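*Asks:* Just dropping this structure here.
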Amino acid sequence: MIKTNLALLKESITHEPSFDGQSARLITLENANGMTVSFMDIGASWLSTCLPVKGEQREVLLRSTNMTEHMKQNAYFGSIVGRYANRIANGQFTLEGHSYQLDINNGKNSLHGGFQGYDKRRWTIKSQSNNHVMFTLESNDGDQGYPGRVTVVVTYTLTEQNSVEITYYAETDKATPLNLTNHAYFNLAGESSTAKSTDHTLILNADYYLPTNESLIPTGELRSVTSTSFDFRQAKSIGRDFLSEPDQEIAGGYDHAFMFSKEVTDGQQDAAVLISPDKDIVMKVKTTKPAIQFYSGNFLVDTPGASKEYQRYDGLALETQFLPDGPNHPEWKKNSGILNAGEIYQHQTSYLFEF
Ligand code: BGC
């Protein structure tokens, strides 16, 4: 009998021990339309989304071959990324008069929370039902160099409208950079297909993007997308203007933060829309976060994946978040990603699949 994708996922991801020597716990949710989504407690990761399309189950998320490979990869497949998503220049920042030094784990910068970011942790499954799973994590004062003890709650819900809703909640006892996101990689033509991220069509309701230097740290400028290859305000094939400008060449493709127009960040409107090459799946991203990192999979070279060894551009990430290197840009005000003691971090991003 041919094993289903779900049976293979369970076997591969729970068979070998994870970082702490214990097996991952896998949670699968299914709705009445035959859509299934799977998560694990390691990194509170979103590992699989299978959609019934054209009489078949189509897996649209990338993931590792097995737990051993999951622990080795640095793509952050489906994981919750924290304490601060994306890069902080030289791993340094100053907050409330104190200077902090974080792990340097990406060139000379700190990326996605450091060596033992939230993606490497075992989260607690706080509650679970047919349509949701709630994960919690305690991050200590000093965790990877960050100040303050932070409590994080991430809940995934699968709706009957075929939406995966992610809610983020956090509190801290000291001011700290906090920027949580989910790092799923999508290939709407199918994880095992030959289609590339560049074959997809994208809409980003964003008037500005952040150019970066060669180590992918934002220069600080918020640049208008008008008349650039970064203008996705009208549906555009990702491949159309691919690598056509120095701001893309520096990153090997798209790997940039885009600032959403304020009016689309109410969590109800479409902030981003991704359309499969055959136009048979449309994914609508709604969020309350101010920005999105659109990453076209530029570094996915020779990464062992569920059905094959992934190569560049085999999937793409749409990570809703605050601005990269925000702690070094207080002039970005509330988009700098600082959470103060007594404040509540509460955000929502949903990925609605139409098929
Ligand atoms: C970053 C990329 C990085 C990738 C995997 C993305 O969020 O923008 O530069 O390679 O994550 O770590």
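*Asks:* Run down G91, G107, G113, G117 and say which single residue is open to solvent by 60 Å² or more (accessible area, probe 1.4 Å) and within 16 Å of the ligand (Cβ to nearest atom). Walk me through how you get there before you give the answer.
*Replies:* Working: G91 fails: open to solvent by 60 Å² or more (accessible area, probe 1.4 Å); G113 fails: open to solvent by 60 Å² or more (accessible area, probe 1.4 Å); G117 fails: open to solvent by 60 Å² or more (accessible area, probe 1.4 Å).
Exactly one residue qualifies, and that residue is G107.
*Asks:* A follow-up question, please. What strands (runs of 3 or more DSSP E) lie completely within segment 80-157 and have 1 or more residues being over 30 Å from A32 (Cβ atoms), in contact with a Pro (Cβ under 8 Å, 6 or more places away or on another chain) and modelled with pLDDT of 95 or more?
*Replies:* Values: elements: 92-95, 98-101, 124-128, 132-139.
It comes to 92-95, 98-101.
*Asks:* Let me ask something else about it. Give segment 42-60 a look and list any residue that's in a strand (DSSP E or B), out of contact with any Cys (no Cβ under 6 Å at 6 or more places or on another chain) and either buried (at least 21 other Cβ atoms within 10 Å of the Cβ) or without any contact (Cβ under 8 Å) to a residue 12 or more places away in the chain (or both), or say none.
*Replies:* The first filter runs over segment 42-60 and keeps only residues in a strand (DSSP E or B), leaving 42, 45-53, 56-59.
Filter once more, keeping what is out of contact with any Cys (no Cβ under 6 Å at 6 or more places or on another chain): 42, 45-53, 56, 58.
Within segment 42-60, I42, S45, W46, L47, S48, T49, C50, L51, E56, R58 qualify.
*Asks:* For segment 254-266, state whether one or more residues are aromatic (F, W, Y) and more than 22 Å from S197 (Cβ to Cβ).
*Replies:* For segment 254-266, residues aromatic (F, W, Y) and more than 22 Å from S197 (Cβ to Cβ): absent.
*Asks:* Still on this model: How many residues, within segment 282-304, are in a strand (DSSP E or B) and more than 16 Å from the ligand (Cβ to nearest atom)?
*Replies:* 4
*Asks:* Now a separate question. Could you tell me whether segment 206-220 includes any residue that is within 16 Å of the ligand (Cβ to nearest atom), at positive phi and out of contact with any Phe, Trp or Tyr (no Cβ under 9 Å at 6 or more places or on another chain)?
*Replies:* yes
*Asks:* Quick one: S129 ticks every box in (1) surrounded by 16 or more Cβ atoms within 10 Å (Cβ to Cβ); (2) over 25 Å from G326 (Cα atoms) except a single one, so which number is it?
*Replies:* Checking S129 against (1) surrounded by 16 or more Cβ atoms within 10 Å (Cβ to Cβ); (2) over 25 Å from G326 (Cα atoms), the one that fails is (1).
*Asks:* When the residues of segment 309-343 are narrowed to those that are open to solvent by 60 Å² or more (accessible area, probe 1.4 Å) and of a type outside the set (S, T, N, Q), which ends up nearest to the ligand (Cβ to nearest atom)?
*Replies:* R312
*Asks:* While we're on this one: So L111 clears everything in (1) without any contact (Cβ under 8 Å) to a residue 40 or more places away in the chain; (2) farther than 27 Å from Q348 by Cβ except one condition, right? Which one?
*Replies:* (2)
*Asks:* Take segment 152-174 and flag every residue that is over 17 Å from K289 (Cβ atoms) and either surrounded by 24 or more Cβ atoms within 10 Å (Cβ to Cβ) or under 13 Å from the mean Cα position of the chain (by Cα) (or both). Outline the logic, then answer.
*Replies:* Applying the first criterion (over 17 Å from K289 (Cβ atoms)) to segment 152-174 yields 157-162, 171-174.
Within segment 152-174, T172 is the sole residue that qualifies.
*Asks:* Quick check: is even one residue across segment 175-189 touching a Leu at 6+ places or on another chain (Cβ under 8 Å), more than 23 Å from N90 (Cα to Cα), open to solvent by 10 Å² or more (accessible area, probe 1.4 Å) and not charged (D, E, K, R)?
*Replies:* No, that holds for no residue.
The values are calculated or read from the model by the stated rules, or taken from the named source; none is laboratory data. Just so we're clear, the structure is a prediction, and the values are computed from it rather than from any experiment. Every residue, glycine as well, gets a Cβ built from its backbone with ideal geometry; the counts of neighbours run over all protein chains shown. Keep in mind that these areas ignore ligands, DNA and RNA; they rest on the heavy atoms of the full protein, side chains included. Shrake-Rupley method; radii C 1.70, N 1.55, O 1.52, S 1.80 Å.
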